[in-house]
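The values are calculated or read from the model by the stated rules, or taken from the named source; none is laboratory data. Since the model is a prediction, treat every value here as computed from it, not as a measurement. FYI the Cβ positions are ideal-geometry reconstructions off the backbone, even for glycines, and counts take in every protein chain you see.
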Amino acid sequence: MKKIIAILLLINSLVVVGQNKLNLVPMPVSANIQVNVATKFIVSNATVVSYNSLLLKKDVLYFIKEIKKNYGVTLTSKFEPLNFKLVQKVKANTITITLLNSIYKNNNGDEFYNILSTSNSMQIIVNHPKGLFYSIQTLNQVLEYSADKKAEMPLVNINDYPRFAYRGMHLDVARHFYPVSFVKKYIDYLAAYKFNTFHWHLTDDQGWRIEIKKYPKLTQAGGFRNGTIIGRYPGKGNDSIHYGGFYTQAQIKEVVQYAADKYITVIPEIEMPGHASAAIAAYPQLSCFPNEDTQVPKGCTWSGITKGKQVQQTWGVFEDVFAPTDYTFNFLQDVLDEVMTLFPSKYIHIGGDECPKEAWKRSDFCQQLLKEKT
């Protein structure tokens with residue numbers, strides 16, 4: 001049976017000829033289109049989406065929603081548990097989606113998909129529901145709008161699986177805060193281009209953006225700054241606008257679930273031991289020198305008070321960093337405990353970069369600790 005399947009896939013690959021002429025991003029492993037063929041598969045209100053596994057149902061409904069939104073076509077779905085050997089006997093005006101079982105699954109991973117369209121039908125073959133989701137992103141780029149509530153599908157054979165397992169993008173909301181609606185739109189774009197990881201930069205010198213219930217001042221005080229320099233460092237003045245914001249834990253869960261529905265893992269970034277001005281502004285005892293005022297960078301215009309610990313209003317690297325005390329380590333443990341309940345990702349980014357050592361060198365406590373530990 002495996003030989004039969006291999007032969008069928010080989011035949012599929014020979015049905016279409018010519019070089020890829022599809023504008024696809026990212027480019028699939030192979031994407032061929034029949035040349036000199038005017039005939040296309042017309043996707044209309046009469047087209048049925050047939051799928052063989054209930055594991056596909058969520059993404060089938062998503063597919064139908066996307067077609068309706070983008071092309072005004074209302075598809076109907078039909079669950080038909082099929083043996084893979086029957087996939088070639090497709091019905092006219094049907095989009096047949098097949099989830100391969102363990103016997104027939106290929107070695108191209110969970111994100112593999114194959115799209116084969118003829119003049120009267122389309123087949124989508126996947127190893128996992130992820131593959132169906134990514135095939136839908138490809139179809140969103142390939143399908144062409146036509147009048148009379150129809151969409152046209154060129155006759156293609158697209159075979160695709162990722163070259164890189166980790167495909168990520170980063171969003172820094174510490175310097176510039178974005179609402180949940182923007183973050184979701186950002187995730188939509190990631191999904192459209194088949195990214196599977198969202199690196200969410202939630203804390204830095206200029207703002208702390210994630211609610212930590214045990215330490216409410218992190219967002220109450222650390223989530224806002226009294227102004228921002230205008231232009232590039234050192235700036236041409238200060239806008240003197242009280243600026244900031246943060247995400248509640250409920251909002252964090254909402255975003256994480258929204259991303260998960262699109263097979264995107266969210267990795268949070270909680271900066272330490274440097275880039276910690278916002279946390280120190282909320283809890284000065286985290287600093288090596290809790291009683292020292294936050295230093296205003298030379299050449300920068302500051303807005304508001306300068307006494308005590310303040311959230312930074314400019315960009316750069318700052319000497320006031322976490323002190324290696326029991327209080328700090330307990331604080332970080334508490335913070336990460338809450339973060340880990342919100343993010344199911346295998347990884348949490350904890351910074352570790354651009355940490356000046358000047359405060360540690362000036363601190364008697366740090367120097368004594370260094371002697372004890374070396």
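A quick yes/no check of all residues on (1) in contact with a helix residue (DSSP H, G or I) (Cβ under 6 Å, 6 or more places away or on another chain); (2) at pLDDT below 95; (3) under 30 Å from residue 147 (Cα atoms); (4) outside the structural domain of residue 57 (by TED's automatic domain parsing):
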{"site": "78", "(1), (2), (3), (4)": "no, no, yes, no"}
{"site": "85", "(1), (2), (3), (4)": "no, yes, no, no"}
{"site": "90", "(1), (2), (3), (4)": "no, yes, yes, no"}
{"site": "107", "(1), (2), (3), (4)": "no, yes, no, no"}
{"site": "115", "(1), (2), (3), (4)": "yes, no, yes, no"}
{"site": "132", "(1), (2), (3), (4)": "yes, no, yes, no"}
Could you say whether any residue in segment 210-226 is surrounded by fewer than 18 Cβ atoms within 10 Å (Cβ to Cβ), assigned to a loop (DSSP other than H, G, I, E, B) and touching a Lys or Arg at 6+ places or on another chain (Cβ under 7 Å)?
no
Taking the criterion of being buried (at least 17 other Cβ atoms within 10 Å of the Cβ), among the polar types (S, T, N, Q), out of contact with any Cys (no Cβ under 8 Å at 6 or more places or on another chain) and at negative phi, would at least one residue in segment 230-251 satisfy it?
no
Within segment 123-137, can you find the residues that are surrounded by fewer than 23 Cβ atoms within 10 Å (Cβ to Cβ) and in a strand (DSSP E or B)?
123
Checking 130, 185 in turn, the sole residue that is in contact (Cβ under 8 Å) with a residue 12 or more places away in the chain and not β-branched (Val, Ile, Thr) turns out to be 130
Test set (1) in contact with a helix residue (DSSP H, G or I) (Cβ under 6 Å, 6 or more places away or on another chain); (2) crowded, with 21+ Cβ neighbours inside 10 Å - residue 275 fails condition number:
(1)
Answer yes or no: is there a residue in segment 293-311 that is free of Cβ contacts under 8 Å to residues at least 40 places away in the same chain, farther than 25 Å from residue 230 by Cα and either of a type in the set (Ser, Thr, Tyr) or touching a helix residue (DSSP H, G or I) at 6+ places or on another chain (Cβ under 9 Å) (or both).
no
Got a sec? Which of 120, 101 is surrounded by fewer than 19 Cβ atoms within 10 Å (Cβ to Cβ) and closer than 16 Å to residue 49 by Cα?
120
Among the residues of segment 176-189, are any of a type in the set (A, V, I, L, M, F, W, C), in the same structural domain as residue 249 (by TED's automatic domain parsing), buried (at least 16 other Cβ atoms within 10 Å of the Cβ) and in contact with a Gly (Cβ under 7 Å, 6 or more places away or on another chain)?
yes
For residue 68, work out the one condition from (1) touching a residue at least 12 places away in the same chain (Cβ under 8 Å); (2) over 28 Å from residue 166 (Cβ atoms); (3) not aliphatic (A, V, I, L, M) it doesn't fulfil.
(1)
Cβ contacts < 8 Å: first residue within 18 Å of residue 321 (Cα to Cα) and among the aliphatic types (A, V, I, L, M), restricted to segment 198-223; second residue at pLDDT below 95 and assigned to a helix (DSSP H, G or I), any location; separation 6+ or different chain. Result?
none
Looking at segment 345-365, which of its residues are under 15 Å from residue 320 (Cα atoms) and buried (at least 17 other Cβ atoms within 10 Å of the Cβ)?
355, 359, 360, 363
Counting only strands (runs of 3 or more DSSP E) entirely within segment 1-61, those with at least 3 residues that are out of contact with any strand residue (DSSP E or B) (no Cβ under 8 Å at 6 or more places or on another chain) and either surrounded by 12 or more Cβ atoms within 10 Å (Cβ to Cβ) or modelled with pLDDT under 85 (or both) are none
